Amino acid sequence: MKKLITLMLAAVTLLGCEVKKPHYESVDEYPVKAGRVQEMYYSPKATEFVLWSPNADSVRLNLYESAESAQPIRSEWLKRQADGAWTINLKGDMQGKFYAFRVYDPLLKYAPEETPGIFAVAVGVNGHRGAIIDMRQTDPEGWADDVRPAMERQADAIIYELHHRDFSIHPSSGVTNRGKFLALTEHGTVSPQGLATGIDHLKQLGVTHVQILPSYDYGSIDETRLDDNRYNWGYDPVNYNVPEGGYSTDPYNPEVRIREFKQMIQALHDAGIRVILDVVYNHTYDVSHSNFEQTVPGYFYRTREDGSLGNASGCGNETASERPMMHKFMLESIRWWVEEYHIDGFRFDLMAIHDVQTMNDIRAMLDEIDPTILLYGEGWAAETPLLDEALRPIKANCTKMPGIGAFSDEMRDALRGPFYDDHVGAFLAGLKGNEQSIRFGIVGAIEHPEVDMSKVNYSDKPWALQPTQLISYVSCHDDMMLTDRLRASVKPLKGNVIDDAELMRLDMLAQTVVLTSQGLPFLWNGEELMRDKKGVHNSYCSPDSINAIDWNLKARNQRLFDYYAGLIALRKAHPAFRLGDAELVREHLEFIDSPDCTVAFRLKNHAGGDEWEDIVVIFNANRQAAKVNLPTDNTYTAVVMLGEVNPQSLPAEWTTIRGAALVPAQSALILHN
Ligand code: CA
């Protein structure tokens, strides 16, 4: 009998039917899975499941009729493979069914829970279970013909950040699918005063890219209670490779969110607008219930020597991109969004938590697909990551990451004031000492002989190889809106707060700096309408009453909107403002001596092949006019003056300037000859 069993075991081993669990001293010894990370592969004949979990003792797959049914209709043990994966192939057409894995791993400190795995591509309501669907059936009509809108160079980008709910939830948006992906597919929507809203508004404004706040499946909104109208930014990832259900018209049907997300991309592409996804691989909603921890415990998060979790995200955990399977996961996830959803760019939340190598590998992969796909992120973390500083994708390491950009807090804070106190102002508040930091932003954080690094805030040396590595901005979803910040930090001449006329002047001045600088300009939704968030600093879960854009503002502040649109058109028409190359910036951009609390520069000799030979840009944040000597004896014509672009309403004797320019208080002046 014993002999027979031995023979049988030998036969099993010979046939490769049984792989024994190896002993691992640490998670660093885990084998890297061959092939893709995706875990469910559907065909009408069979559905294959492949889950990577090297240290598991066993893995079970439960099949369900719905995303919420209590009892599985079928339950199967998976089979261990040599590369750490577990597999099973279910014959027959499984379309429409739901699934979840249960992983039994001795390293799991928590009770094993069901998980859809780390790479579900379709899920049921709230993302607890994976869904078996045919991805091709989610493609909207014409999807095969969807292409990226033309863009020659990254330097041509003008980015507009938006939150689905901010943008369209207010009744004044005139949108039918308010707060949904589909809102961005609706043309012809108008405000109560008949002015364009929604996607038509974006077209009118002229931006080339929208950067949408987290739109993958996140955890803070209960998708079964959407009528509660809860709000969240969504920086709490659950399923990284599935659109969020709360922005779909039916979170229960797994195909709907996917199809509607694609319809949104398609509509934006048709409108000539590219789409950037805000990706948050740096942390998850929580750890104990997370798909990462429930699939491969102890692997995806960084821990200290005492076993406690790193917390560079400030949200209780930080992921470990330097581990081969996290690295592979991130690359495949990015590829998934590009290939399946036609995404055109990525904004990495707290990018500095990842590692330089991973970011460079993502860039290389994207370059193979399309080098105009944008890649940038926050070159900082909330707390210090558990990784050597030299390896971190911080701003200072951008020189090791060609083609990858970072937000510039130098320019932002030199304009509006420091991040640590909303009530402290800077250049816009008429305070001197910020001029060199603004110069640093204008050149795009590259080396430039006329930027005095000893006077630049935060950075002591240039951090960009190319100006396109710098994201120029004065506000984003984080912190106060520009309007709130100006009200909080600019000392009024009378009363408690500056008046709306001064507010608009400063708003215009701030965005003129952003839109004439050599980095990639970035605007936050609603700034062009002068919306505010009632002074709320961190509105990540504030109600719609704080976050929603009231489109009645468009008629009230039409002058501001026209100014933004005019500046964007000016930038698009004049390559001098977007040279895209450090050598060209050093050759053609020179600063002009000017009084305190002003910054002046010149783009000379037909910069970038510009039709204008010489362009002079002057920012004056003083409450009185400033005199600046012009660099040549030529006669210049004003194209931006007193809050107007192409100021035809102003008398010609004002707009024709020779010798010296008198720049009105709190305004930008742009001249050319
Ligand atoms: Ca969700």
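A few notes on this one:
- Matching residues, segment 362-389, being touching a residue at least 24 places away in the same chain (Cβ under 8 Å) and in a helix (DSSP H, G or I): ILE362, ARG363, MET365, LEU366, ASP367, ILE369
- Looking only at segment 391-439, residues that are open to solvent by 40 Å² or more (accessible area, probe 1.4 Å) and of a type in the set (Val, Ile, Thr) come to 2 in all.
- Hey, GLU383 within 28 Å of ALA600 (Cβ to Cβ) and acidic (Asp, Glu) or not: no
- Qualifying residue in segment 28-46 (condition: part of a loop (DSSP other than H, G, I, E, B), surrounded by fewer than 15 Cβ atoms within 10 Å (Cβ to Cβ) and touching a Phe, Trp or Tyr at 6+ places or on another chain (Cβ under 7 Å)): no
- Qualifying residue in segment 196-209 (condition: away from the ligand (no atom under 12 Å from the Cβ), surrounded by fewer than 24 Cβ atoms within 10 Å (Cβ to Cβ) and among the acidic types (Asp, Glu)): yes
Each row is one residue, and each column tells you yes or no for (1) in a loop (DSSP other than H, G, I, E, B); (2) modelled with pLDDT under 95; (3) farther than 18 Å from ASP484 by Cβ.
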site: THR399; (1), (2), (3): no, no, yes
site: PHE419; (1), (2), (3): yes, yes, no
site: LYS432; (1), (2), (3): yes, no, yes
site: GLY441; (1), (2), (3): no, no, yes
site: HIS448; (1), (2), (3): yes, no, yes
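- Residue under evaluation GLY246, criteria (1) away from the ligand (no atom under 13 Å from the Cβ); (2) out of contact with any Ser or Thr (no Cβ under 7 Å at 6 or more places or on another chain); (3) assigned to a helix (DSSP H, G or I); (4) not β-branched (Val, Ile, Thr), criterion not met: (1)
- From the list LEU486, LEU465, the lone residue that is in a helix (DSSP H, G or I) and under 29 Å from HIS209 (Cα atoms) is LEU486.
- The residue of segment 216-237 that is surrounded by the most Cβ atoms within 10 Å (Cβ to Cβ), among those that are outside any loop (DSSP other than H, G, I, E, B) and more than 6 Å from the ligand (Cβ to nearest atom), is PRO237.
- Index of the failed condition, GLU113 passing every other in (1) of a type outside the set (A, V, I, L, M, F, W, C); (2) in contact with a strand residue (DSSP E or B) (Cβ under 7 Å, 6 or more places away or on another chain); (3) not assigned by TED's automatic domain parsing to the domain that holds TRP524: (2)
- Every residue from segment 450-461 that is open to solvent by 40 Å² or more (accessible area, probe 1.4 Å) and assigned to a loop (DSSP other than H, G, I, E, B): GLU450, ASP452, TYR458, ASP460, LYS461
- Residue count for segment 52-78 satisfying the condition of being closer than 20 Å to GLN294 by Cβ, open to solvent by 70 Å² or more (accessible area, probe 1.4 Å) and assigned to a strand (DSSP E or B): 1.
- Residue match in segment 117-128 (condition: in a strand (DSSP E or B), in contact with a strand residue (DSSP E or B) (Cβ under 9 Å, 6 or more places away or on another chain), surrounded by 16 or more Cβ atoms within 10 Å (Cβ to Cβ) and not β-branched (Val, Ile, Thr)): no
- Unique match (being free of Cβ contacts under 8 Å to residues at least 60 places away in the same chain, more than 13 Å from the ligand (Cβ to nearest atom), of a type in the set (A, V, I, L, M, F, W, C) and open to solvent by 20 Å² or more (accessible area, probe 1.4 Å)) among VAL190, VAL287: VAL190
- Evaluated against (1) in a loop (DSSP other than H, G, I, E, B); (2) in the same structural domain as PHE348 (by TED's automatic domain parsing); (3) more than 16 Å from the ligand (Cβ to nearest atom); (4) surrounded by fewer than 21 Cβ atoms within 10 Å (Cβ to Cβ), ARG335 falls short on exactly one condition, (1).
- Qualifying residue in segment 267-274 (condition: within 13 Å of the ligand (Cβ to nearest atom) and either touching a Ser or Thr at 6+ places or on another chain (Cβ under 8 Å) or assigned to a loop (DSSP other than H, G, I, E, B) (or both)): no
- The residues in segment 468-479 that are in a loop (DSSP other than H, G, I, E, B) and either surrounded by 23 or more Cβ atoms within 10 Å (Cβ to Cβ) or at pLDDT below 95 (or both) can be counted, and the count is 3.
- Residues in segment 249-258 that are crowded, with 22+ Cβ neighbours inside 10 Å and away from the ligand (no atom under 11 Å from the Cβ) were compared, and the one that is nearest to CYS476 (Cα to Cα) is ILE258.
- The residue that is nearest to the ligand (Cβ to nearest atom), among those in segment 121-159 that are over 25 Å from the mean Cα position of the chain (by Cα), of a type in the set (Asp, Glu) and within 19 Å of GLN266 (Cα to Cα), is GLU141.
- Residue count, segment 647-673 (criterion: touching a residue at least 24 places away in the same chain (Cβ under 8 Å) and assigned to a strand (DSSP E or B)): 12
- Test set (1) open to solvent by 20 Å² or more (accessible area, probe 1.4 Å); (2) farther than 29 Å from GLU502 by Cβ - GLN558 fails condition number: (2)
- Filter pass, HIS170 being outside the structural domain of VAL50 (by TED's automatic domain parsing), modelled with pLDDT of 95 or more, within 16 Å of the ligand (Cβ to nearest atom) and buried (at least 21 other Cβ atoms within 10 Å of the Cβ): no
- Residue in segment 627-635 that is closer than 24 Å to GLN466 by Cα, without any contact (Cβ under 8 Å) to a residue 60 or more places away in the chain and open to solvent by 40 Å² or more (accessible area, probe 1.4 Å) present: no
The values are calculated or read from the model by the stated rules, or taken from the named source; none is laboratory data. Source: prediction; values computed, not measured. A quick note on method: Cβ atoms are made from the backbone with ideal geometry, for glycine too, and the neighbour counts reach across all protein chains shown. Side chains included, ligands, DNA and RNA excluded: accessible areas come from the protein's heavy atoms. Shrake-Rupley method; radii C 1.70, N 1.55, O 1.52, S 1.80 Å.
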